[in-house]
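To start, the structure itself, in structure tokens.
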Amino acid sequence: MIQEPFAIGSSHIHRLDPRLKILFATAYSFIVALSNRFPALFAALMLSLLLIGLARLNVWKAAKRMALVNGLILFFWLVIPLTFEGTALFHLGPLSVTREGVLLCARISLKSNAILLIFIALVSTMPITTLGHAMNRLGLPGKLIHLLLLTYRYVFVIDQEYQRLVRAAKIRGFRPETTINTYRTYAYLMGMLFVRASARAERVHHAMVCRGFDGRFYCLRDFSSTRTDWAWSAFMISIILGLVGLEWTRII
Amino acid sequence: MHISEGVLSGPVLVSGIVLAAAGTAIGLKNLDYDRIPQIGILSASFFVASLIHVPIGVSSVHLILNGFVGLILGWGAFPAILVALTLQAVLFQFGGITALGVNTVIMASPAVLCYFLFGRLIIKKPSVALPAAFAAGALSVFLAGILLGLALVFTEKDFFKVSTIVVMAHLPVMAVEGVITALCVGFLKRVQPSMLPGYLRS
Amino acid sequence: MDKNNLIINLEEISFIYPGGIPVLDKLGLQFHRGERLGLVGPNGSGKTTLFHIIMGLLRPSSGRMEILGRTVAREKDFREVRKKIGLLFQDADDQLFSPTVLEDVAFGPLNLGKSKDEAREISMRTLEMLSLAGFEDRITHNLSGGEKKLVSLATVLAMEPEALLLDEPSNGLDDNTKEKLIEVLSGLDLSYILITHEADFLAKTVDRICGMENGKILTDIESYPHYHLHEHARGKYPHEHH
Amino acid sequence: MDKNNLIINLEEISFIYPGGIPVLDKLGLQFHRGERLGLVGPNGSGKTTLFHIIMGLLRPSSGRMEILGRTVAREKDFREVRKKIGLLFQDADDQLFSPTVLEDVAFGPLNLGKSKDEAREISMRTLEMLSLAGFEDRITHNLSGGEKKLVSLATVLAMEPEALLLDEPSNGLDDNTKEKLIEVLSGLDLSYILITHEADFLAKTVDRICGMENGKILTDIESYPHYHLHEHARGKYPHEHH
Ligand SMILES: Nc1ncnc2c1ncn2[C@@H]1O[C@H](COP(=O)(O)OP(=O)(O)OP(=O)(O)O)[C@@H](O)[C@H]1O
Ligand SMILES: Nc1ncnc2c1ncn2[C@@H]1O[C@H](COP(=O)(O)OP(=O)(O)OP(=O)(O)O)[C@@H](O)[C@H]1O
Ligand SMILES: [Mg+2]
Ligand SMILES: [Mg+2]
């Protein structure tokens, strides 16, 4: 089942102006992505963790999500140090582990975790509907936002429909294996899902037409910044300046 | 299939964003507002379908289906895939903000290409349509792998070996995607051919 | 006089689905202001189809339609119809397409040209009327079946229609929600046509009943098979009823 | 002796949906070979949930289940159960997923390890038995509601089960299809448990009735509220019943 485990909460971060959170998360992520010096990257990881702490999220759930993502990073650790050109640190049989490769992996790990953690702390801490409206307010096209919200609305309905189809296959002795029969069954389940989705889309379109839809999208949500928001903005801007300083002015 | 955050260089990230924005703009421009429910609900279905794990040998892969998305939605694949990736990021933290553009391009541009290459063939008789659908499913995964590899190599030329491994790893997935796409198109041809592109025109 | 009170006047409406089966066959229907009309008929007799034709979602292959005194035939005409007549769909998941309740209810008023504040106010008022106050920020897909149905009704009522078409509103609801719906419907000062398969619900919500059969309306059926709930001492044995 | 004939034996089964509402509460049920058991109870009393637990689609939070003489608890055990007991879903759309009727009916037999020819033969035989001969190449998605229900039954019967669980098989069917279903059920030499809200249908299809209430089974209820279909000269006016 699809869930949004971080969206609801009562921390300061949950209550911040969503537009601010999106802007800051974006700026921060890009700065981290473009940084290369370890002081900056370590600082970023710490700051991300700090924000996770401030958002008072379920640490266990957040850790589980991060474990999944770090699986991919593990792949880089297995391959890059062995394939990268550079000075050898030590040898594994015919292969040599290079210093440059190890450093690169370390950078990737730090960046990746810092960026995803800030994403969890700032973006996953709002419901998708709020995210959509805030993105709309920030100037993304209404059609795209409408599409995002509609997709989100029906992901749940369609997921349930799919679960029911799987159940139907299951009670008739279906067991997934590597055979053409299994693939055919999955293709049929998906095909049926698409056919039903298409019929539903037709009905939803009718429902929209019945309520006078003429292609314009409205966003009811108004966002307003409070004094807390200004304080947080100042805090976040200083974080960003700090990171920029660490990366590009070589203070440390 | 996507690239983690924190791997790619600035120029690659920015090119990804520019190309993804262009593709999405074309997709949205072609999108008549009458068809928004169609694209939205189908993209919800693709989202759900891409969570399906199918067994392959002792392991299992989750489907990508970008070829199929392309065949059904054409340029609409860009906004649909962008939306799906955004949802994946927010719901599962599979990605963040910086690589969203690149990942959209990696998945959606092969989808659109397959639409132009094979879209007209899949409404023909099954002996033409099914191989075309297989090709669309397999090729779109292969091309996505190549684009992913290119993104890595443009970031750092020493990523070449990693890229090769990534592309190789996608070979079995290609076969599965090809078979599933062909069977799915076969299903639609029999049950609801009007969902296939160009059906009404022919 | 009576003519002025006609909300819907259908004459010789025929309809065939692309598949080729004729669903409506020279059907006629008169529906007046103030009426609360029940529409019954077996599965597949075309009741839903008829509602969709009235709203202009499907076009009849022949026949004349007059709605609120005007002949309607083209998309432009139906746009006006949709402002005056509200349709409650058979499946609430089709009707609620916005992520939150407030947005969904406000969708209609906004499209009718209301300002955001007006739309919000109308929506809040409508929700309150259906005792759904406090639901405005709920996520639609998390609502229960009964709540979804009531919110669907709110989305329709928020457009302040002159008449309603209700397609199996009690379907799949539990008894409490059904009771509440009956209360709401009796409290409304609106004309409506209501489709249902449930005789008890029908008895409590409509004044007049029409049947549908063979693509035609049987007006004012005096006799129709229906159900009653009652309790027996030994219900499991065969028994007789008058 | 009786013990050997037990098909389903449930002891103290409890079940709570993730939402938190307890649906089954230390429920017990014995179902024997040769029985035709009716299960009645208000909407939401957990009848469907009970069927899904028996098939292993949901796992009880506590309790013991024995099916066909074996304790079942894990997915592996339920795989065997699914070969022996057929479930007809409440909604036929949940049951049919193949493009054509023949493929859908043959799906079960193929999964049971039958050859293609055998599977086809069994399927054709089953379709014929339900007077659905000639339907094998129809597209399932385009069938009418009644046809879908009968084809669903065919998909279940084609697996040659030892017992059936029928979840509101008569729901949404018109009277002719209902009659046909009654005929088919009486013709079958199978034990089954049948859920329905329709007393007339119940009276014609089962020998024993159990009620469900507060998460428990009330065995052999002597009195339960039920419905009757009857016709009145002036059904639209309020009237009294004894
Ligand atoms: N999109 C469609 N294409 C082809 N045939 C259709 C379509 N929709 C409905 N039909 C057919 O038209 C007939 C009338 O359907 P309709 O849904 O209007 O019946 P209904 O009286 O509302 O039935 P129910 O009581 O089951 O809701 C049915 O035989 C149905 O199979
Ligand atoms: N997936 C689910 N998640 C949470 N609650 C559920 C779920 N499915 C059912 N329920 C709840 O569990 C209770 C029992 O549902 P169930 O479908 O078993 O009842 P039922 O007796 O079959 O009713 P009906 O006669 O309407 O079919 C209901 O209150 C229902 O709302
Ligand atoms: Mg209907
Ligand atoms: Mg049920």
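Only the coordinates and a few stated rules stand behind these numbers; no lab work does. This structure is a prediction, so every number in the text was calculated from the model and none was measured. In this analysis, Cβ positions are derived from the backbone assuming ideal geometry, glycine residues included, and neighbour counts consider all displayed protein chains.
Here the dipole of chain B is about 680 debye; that uses its Cα centre as origin and unit charges on the Cβ of Lys and Arg (positive) and Asp and Glu (negative). When chain B is treated as a Gaussian network with alpha carbon springs shorter than 10 Å, the biggest mean-square fluctuation among B:Gly57, B:Gly76, B:Gly23 belongs to B:Gly57.
Once R0 is set to 35 Å, what does the formula 1/(1 + (r/R0)^6) return for the Cβ-Cβ distance between B:Tyr33 and B:Ser59, expressed as a FRET efficiency to the nearest 0.05?
0.25
Given springs between every Cα pair under 10 Å in a Gaussian network model of chain C, which of C:Gly44, C:Gly56, C:Gly28 has the largest fluctuation? Ranking C:Gly44, C:Gly56, C:Gly28 by mean-square fluctuation puts C:Gly44 first. One Cα centroid belongs to region C:118-165, the other to region A:42-87; the line between them spans 45 Å. Note on A:Asp214 and A:Gln3: with the Förster distance fixed at 30 Å, the Cβ-Cβ geometry gives a FRET efficiency of about 0.30.
Distances between equivalent label points of C:Gly145 across the copies, with each point positioned 7 Å along Cα→Cβ, amount to 1.4 nm, shortest listed first. Dividing the summed helix terms, -39500 (n - 2.57) for each DSSP H run of n ≥ 4, by the number of residues in chain C produces a 222 nm estimate of -9500 deg cm²/dmol to the nearest 500. Once you have a ≥ b ≥ c as the square roots of the Cα gyration tensor eigenvalues for the protein assembly as shown, tell me rounded if a/c is under 1.5, and otherwise prolate or oblate according to whether a/b is larger than b/c. Prolate is the answer for the protein assembly as shown, as a/c is 1.5 or above and a/b outweighs b/c. Across chain B, Cα pairs under 8 Å and at least six residues apart give a relative contact order of 25 percent. The mean number of Cβ atoms from other chains found within 10 Å of a Cβ in peptide C:137-146 is 3, as a whole number. Computed over chain A, the per-residue total of -39500 (n - 2.57) for DSSP H runs of n ≥ 4 gives a 222 nm mean residue ellipticity of -24000 deg cm²/dmol, rounded to 500. Measuring r between the beta carbons of D:Leu68 and B:Leu51 and using R0 = 22 Å, the FRET efficiency lands at 0.05. Residue pairs exceeding 20 angstrom between C-alpha atoms, taken from C:Lys26/D:Lys180; B:Lys189/D:Lys149; C:Lys178/D:Lys216; B:Lys124/D:Lys148; B:Lys125/B:Lys189: C:Lys26/D:Lys180; B:Lys189/D:Lys149; C:Lys178/D:Lys216; B:Lys124/D:Lys148.
Using the Cα gyration tensor of chain D, with a ≥ b ≥ c the square roots of its eigenvalues, what is the shape: rounded (a/c below 1.5), prolate (a/b larger than b/c) or oblate (neither)? Oblate, since a/c reaches 1.5 and b/c is not below a/b. Measuring between alpha carbons in the structure, the pairs from D:Lys84/D:Lys114; B:Lys29/C:Lys76; D:Lys83/D:Lys114 lying more than 23 angstrom apart are B:Lys29/C:Lys76.
Taking a point 7 Å out from the Cα of A:Asn58 in the direction of its Cβ, the residues of region B:73-100 whose backbone N falls within less than 18 Å of it are B:90-94. In straight-distance terms, cross-link reach from A:Lys21 covers every one of the aspartates and glutamates whose alpha-carbon lies under 15 Å from its own, apart from those fewer than eight places away in the same chain; here that gives A:Asp229. Based on Cα contacts under 8 Å between residues 6+ apart, chain A shows a relative contact order of 30 percent. Look at the dipole of region C:1-154 built from charges on Cβ: of C:Phe97, C:Leu27, C:Ala154, the Cα furthest out on the positive end belongs to C:Leu27. Relative to one another, the C-alpha centroids of region B:133-202 and region D:42-103 are positioned 37 Å apart. Remark: mean inter-chain Cβ contacts per residue of B:22-31 equal 2, using a 10 Å Cβ-Cβ cutoff to other protein chain atoms. Taking springs between alpha-carbon atoms closer than 10 angstrom, which of D:Ile54, D:Ile21, D:Ile13 fluctuates most in the Gaussian network model of chain D? With Cα springs under 10 Å in chain D, the top fluctuation among D:Ile54, D:Ile21, D:Ile13 is at D:Ile21. Each copy carries a label point for D:Asn214 at 7 Å from Cα toward Cβ; from one copy, the others' points are 5.3 nm away, ordered from shortest. Given axes a ≥ b ≥ c from the Cα gyration tensor, I'd like to know whether chain A is rounded (a/c under 1.5), prolate (a/b larger than b/c) or oblate. Oblate.
Within straight-line reach of B:Lys161, meaning a Cα separation under 19 Å, sit the following aspartates and glutamates at least 8 residues removed in sequence or on another chain: A:Glu85, A:Glu100.
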